[in-house]
1. Given the conditions (1) touching a Ser or Thr at 6+ places or on another chain (Cβ under 9 Å); (2) touching a residue at least 40 places away in the same chain (Cβ under 8 Å); (3) among the charged types (D, E, K, R), which single one is not true for Glu125?
2. Which pairs turn up if I take residues in segment 7-23 that are more than 9 Å from Ala301 (Cα to Cα) and look for partners that are charged (D, E, K, R) with beta carbon separation below 7 Å, at least 6 apart in sequence or on another chain?
3. Filter segment 1-19 down to the residues that are assigned to a loop (DSSP other than H, G, I, E, B) and surrounded by fewer than 22 Cβ atoms within 10 Å (Cβ to Cβ), then identify the one that is modelled with the lowest pLDDT.
4. Read through the list (1) within 20 Å of Pro123 (Cα to Cα); (2) assigned to a strand (DSSP E or B), then give the number of the only condition that Val201 fails.
5. Is it fair to say Arg102 is basic (Lys, Arg) and without any contact (Cβ under 8 Å) to a residue 12 or more places away in the chain?
6. What is the residue count in segment 42-90 for residues that are in a loop (DSSP other than H, G, I, E, B) and either touching a Phe, Trp or Tyr at 6+ places or on another chain (Cβ under 6 Å) or within 24 Å of Thr21 (Cβ to Cβ) (or both)?
7. Does segment 20-30 contain any residue that is β-branched (Val, Ile, Thr), surrounded by 22 or more Cβ atoms within 10 Å (Cβ to Cβ) and part of a loop (DSSP other than H, G, I, E, B)?
8. Looking for something surrounded by fewer than 18 Cβ atoms within 10 Å (Cβ to Cβ) and under 30 Å from Thr269 (Cα atoms) - is there at least one such residue anywhere in segment 169-189?
Amino acid sequence: MPEQVIIIGSGPAGHTAALYTARANLKPVLFEGMTAGGIAGGQLMTTTEVENYPGFPDGIQGPELMAAFRKQSLRFATRLFTEDVARVDLSQRPFTVVSDERTLTTHALIIATGATAKRLNLPGERRLWTRGMSACAVCDGALPVFRGKVLVVVGGGDSAAEESTYLTKFASKVYLVHRREQLRASKIMQERVLRHPKIEVLWNTVVTDVLGEEVVSAVRLQDVTTNRPRDLACGGLFYAIGFTPNTGLFTGQLNMDPMGYLITKPDSTHTSLAGVFACGDVQDKRYRQAVTAAGSGCMAAMDCERWLTEEGLTS
């Protein structure tokens with residue numbers, strides 16, 4: 001017997017979709033997947049203090065928040081499999097979802113596989129990640145560890161320009177490090193950066209390492225024209241070099257934009273294939289926040305329940 005709905009992904013979007021579909025008596029199955037570190041739960045599992053999720057005025061640790069999400073999904077009898085999905089076949093109905101442990105079929109599929117922040121893989125990165133290093137200024141820039149500090153942003157596009165400008169609210173100074181002599185950002189974003197008294201652009205420069213014992217204390221830079229290295233004292237390093245949506249399972253099966261994000265129909269979570277829905281960072285390249293991911297997970301669950309009802313596929 002096919003499942004009514006399978007959800008792939010265990011971040012805020014996936015667990016919110018599970019909560020809403022479970023309460024609609026759709027008996028959801030959720031594949032949690034695993035991060036590179038061997039844990040389920042999405043990007044919040046690699047985040048320390050979360051201060052901008054509603055309902056937690058004193059903040060909450062990322063893993064603690066995701067544990068609460070998971071507990072709530074289980075409370076409403078979501079079936080959880082802590083497994084990576086190896087293959088999805090959307091060419092015939094019911095759809096087929098295959099992991100290393102099992103093969104299931106389903107009438108509907110909710111995709112919440114998220115996106116992975118691109119990293120530089122610096123020598124000190126593994127040791128200092130979340131200890132003054134982040135890939136989201138909006139998520140982490142207001143944390144006490146960054147306030148009043150010299151901060152460094154790596155990148156040259158609109159995201160790097162936007163995050164640099166945002167960080168000036170909290171930092172004493174922001175250095176934007178770019179490997180070329182001209183930003184890729186839109187003209188208006190470039191002007192905001194270049195005119196801002198707190199931002200200094202380091203042209204033709206790359207970051208080769210991040211330094212510090214318990215927290216970030218400096219970055220090692222290299223001029224790409226002279227190869228001359230130097231250390232720059234700072235209190236934080238932010239990557240703004242893009243994200244990679246986790247959509248490899250769906251290549252050739254669903255419509256994606258040139259960056260690989262799943263395309264959803266306007267004002268909905270419907271993808272290009274009826275019965276398949278996408279929510280969270282796998283289709284959102286603009287906001288990328290836990291709260292917006294959770295909101296779109298709710299939308300996907302409601303869209304899914306309505307579609308299953310219209311198709312006469314609910315039990």
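The values are calculated or read from the model by the stated rules, or taken from the named source; none is laboratory data. Predicted model, so just to flag it, every value in this text is computed and none were measured. Cβ sites come from the backbone with ideal geometry, for glycine too, and all protein chains shown count toward neighbours.
1. All conditions are met except number (1).
2. From residues that are more than 9 Å from Ala301 (Cα to Cα), the pairs are Ser10/Glu32; His15/Arg70.
3. Here is the first cut: in segment 1-19, the residues assigned to a loop (DSSP other than H, G, I, E, B) are 1-2, 9-11.
Now narrow it down to the ones that are surrounded by fewer than 22 Cβ atoms within 10 Å (Cβ to Cβ): 1-2.
On the way: Met1: 91, Pro2: 96.
Applying the filter and picking the extreme gives Met1.
4. Exception for Val201: condition (1).
5. In short, no.
6. Residues that pass the stated criteria total 11.
7. In the first step, residues of segment 20-30 are kept if they are β-branched (Val, Ile, Thr); the result is 21, 29.
So of that shortlist, the ones also surrounded by 22 or more Cβ atoms within 10 Å (Cβ to Cβ) come out as 21.
Those still in the list that are part of a loop (DSSP other than H, G, I, E, B) too: none.
Checked against the condition, which is being β-branched (Val, Ile, Thr), surrounded by 22 or more Cβ atoms within 10 Å (Cβ to Cβ) and part of a loop (DSSP other than H, G, I, E, B), segment 20-30 yields no hits at all.
8. Step one: list which residues in segment 169-189 are surrounded by fewer than 18 Cβ atoms within 10 Å (Cβ to Cβ), which gives 169, 172-173, 179-182, 184, 186-188.
Filter once more, keeping what is under 30 Å from Thr269 (Cα atoms): 186.
Yes: one or more hits.
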